[in-house]
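The values are calculated or read from the model by the stated rules, or taken from the named source; none is laboratory data. Note that this is a predicted model, so its numbers are computed, not measured. Cβ sites come from the backbone with ideal geometry, for glycine too, and all protein chains shown count toward neighbours. Only protein heavy atoms, including side chains, enter the accessible area calculation; ligands, DNA and RNA are left aside. Shrake-Rupley method; radii C 1.70, N 1.55, O 1.52, S 1.80 Å.
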Amino acid sequence: MVRAPQQAPDRPLEHLLLPLAALPFPDIDPVIVQVGPLAVHWYGLGYVVGILFAWWYGRRLLANSNLWRGGQAPLKPDDLDDFIIWAAAGIVLGGRIGYILFYDLARYIETPLAILAVWEGGMSFHGGFLGTTIAMILFARSRGASVWSLFDVVAAGVPVGLGLVRLANFINSELWGRATNVAWAFVFPNGGPEPRHPSQLYEAALEGLLLLIVLRILTHGFRKLKNPGFVAGAFVAGYGLSRIVVEFYREPDAQLGYLFGGWMTMGMVLSVPMVLVGIWAMSRARRAAA
C-alpha cells in the first residue's frame, strides 16, 4: 500500500545529510499485462509464484527419505496438492484481515467496501502468517499428520515468496525506507523529494535470500527435519529478527507513525513475539529429540 512520508521525531539532521545524487528509480510498470479490465500485477504474481514454489519445494522435501527420521516422511507429497488451496486461503484472508486490524482499522470502519479492494494493496505478513498457521493446523488434523512436520515443510519454501513480494513492493514504489544519505538511496516517485533507503530490497535480501539459505542448511546440512518444529521455529525467529532490523530503516505507516516514545513501529511490535515463539519452538524440538 502506498503511504505518505512521515519524518521520525528528533532526527532533524537526517534530511540535511543527503547525497549529491541518488540512484534513479527503475521505470518498471507495476502491471505486467492488461486485457480490458483484467490486469496482472507483479505484486499478485509474487504471491502466486511464492505459493507454487513452496508447494513444489515441499513435495521434494517429502520425497527425500534421507531427510526424515527412520527414512519415512510424516506426509505424502500428494498431500501438499490438497493443502495448496488451504494455504492460499490462509495467506489471502489472513493477510487482508491482519492488515485491516493491525494497520488501518479506522479507515475500513469508515469505508467497509474498501475491504474488498485487494488490488489496491494492503496485506499484512503477520496476518497471513496467522491465517496460514490456522490452515496448517486444521489440515494436519484432518489427515492425522504431524502438525510440526507440516510447519517445517511449508516454512522451508516460504522465503522465496517473501523475497518476490518485497521486490514487487519496490516496483510499486511502496513501503519505502526513511530518508538517508547512503550512496544506494532512491528517490521514490511518491516518497517525497528526499532520497530514501530501499528497505524493500533489504527485506528481500534478509527475509528472502538469506533466510532461504539458512533453512536449506538446516534441512539438508543438519537434517533438522528429523526434529519436528525446529525448521519452522528457525523460520519464525529468522523472519522476526530480519523484520525488526529492517524496521529501523523503513518508514512507518503514516496512519500509525512511531509508537512507544517515538522509535518503535507496529512491525517491530508484531515481530518480537515471533522471535520468542521461534526460539521456543526450536528449544522444544531439541528437547523432544534428546
Open item on the list: Scan segment 170-192 and tell me whether some residue there is closer than 30 Å to A73 by Cα and buried (at least 21 other Cβ atoms within 10 Å of the Cβ).
Closed with: no
Open item on the list: What's the number of the only condition in (1) of a type outside the set (D, E, K, R); (2) more than 25 Å from V49 (Cα to Cα); (3) open to solvent by less than 50 Å² (accessible area, probe 1.4 Å) that L212 fails to meet?
Closed with: (2)
Task: Condition check for P77: in contact (Cβ under 8 Å) with a residue 12 or more places away in the chain and in contact with a His (Cβ under 8 Å, 6 or more places away or on another chain) - done: no
Task: Residue that is in contact (Cβ under 8 Å) with a residue 40 or more places away in the chain and either small (G, A, S) or surrounded by 20 or more Cβ atoms within 10 Å (Cβ to Cβ) (or both), where the choices are R223, R250 - done: R250
TODO: For S142, state whether it is open to solvent by 20 Å² or more (accessible area, probe 1.4 Å), in contact with a Pro (Cβ under 9 Å, 6 or more places away or on another chain) and either on the phi > 0 side of the Ramachandran plot or not aromatic (F, W, Y) (or both).
DONE: no
Task: Set A156, A89: member being among the hydrophobic types (A, V, I, L, M, F, W, C), buried (at least 22 other Cβ atoms within 10 Å of the Cβ), over 20 Å from V269 (Cα atoms) and out of contact with any strand residue (DSSP E or B) (no Cβ under 9 Å at 6 or more places or on another chain) - done: A156
Task: Residue that is farthest from R107 (Cα to Cα), among those in segment 276-285 that are surrounded by 14 or more Cβ atoms within 10 Å (Cβ to Cβ) and either of a type outside the set (A, V, I, L, M) or out of contact with any Pro (no Cβ under 7 Å at 6 or more places or on another chain) (or both) - done: R284
TODO: Using the structure shown, decide if F151 is within 14 Å of the chain's Cα centre (by Cα), assigned to a helix (DSSP H, G or I) and of a type in the set (F, W, Y).
DONE: no
Open item on the list: For segment 29-46, give me the residue count where each residue is open to solvent by 60 Å² or more (accessible area, probe 1.4 Å), out of contact with any Phe, Trp or Tyr (no Cβ under 9 Å at 6 or more places or on another chain) and at pLDDT 90 or above.
Closed with: 6
Task: Boolean, L210 is of a type outside the set (G, A, S), under 23 Å from W42 (Cα atoms), touching a helix residue (DSSP H, G or I) at 6+ places or on another chain (Cβ under 8 Å) and not in a helix (DSSP H, G or I) - done: no
Task: Every pair of residues 6+ apart whose Cβ atoms lie under 8 Å, when the first sits in segment 258-275 and is in a loop (DSSP other than H, G, I, E, B) and open to solvent by less than 40 Å² (accessible area, probe 1.4 Å) while the second is modelled with pLDDT of 85 or more and basic (K, R) - done: T265/R250
- [ ] Could you check A117 against (1) touching a helix residue (DSSP H, G or I) at 6+ places or on another chain (Cβ under 9 Å); (2) surrounded by fewer than 20 Cβ atoms within 10 Å (Cβ to Cβ); (3) not basic (K, R) and say which number it fails?
- [x] (1)
Open item on the list: Can you pull out every residue in segment 154-202 that is assigned to a loop (DSSP other than H, G, I, E, B), under 21 Å from the mean Cα position of the chain (by Cα) and aromatic (F, W, Y)?
Closed with: W176
Task: Whichever residue in segment 57-68 is within 21 Å of A135 (Cα to Cα) and touching a residue at least 60 places away in the same chain (Cβ under 8 Å) and, among such residues, is surrounded by the fewest Cβ atoms within 10 Å (Cβ to Cβ) - done: Y57
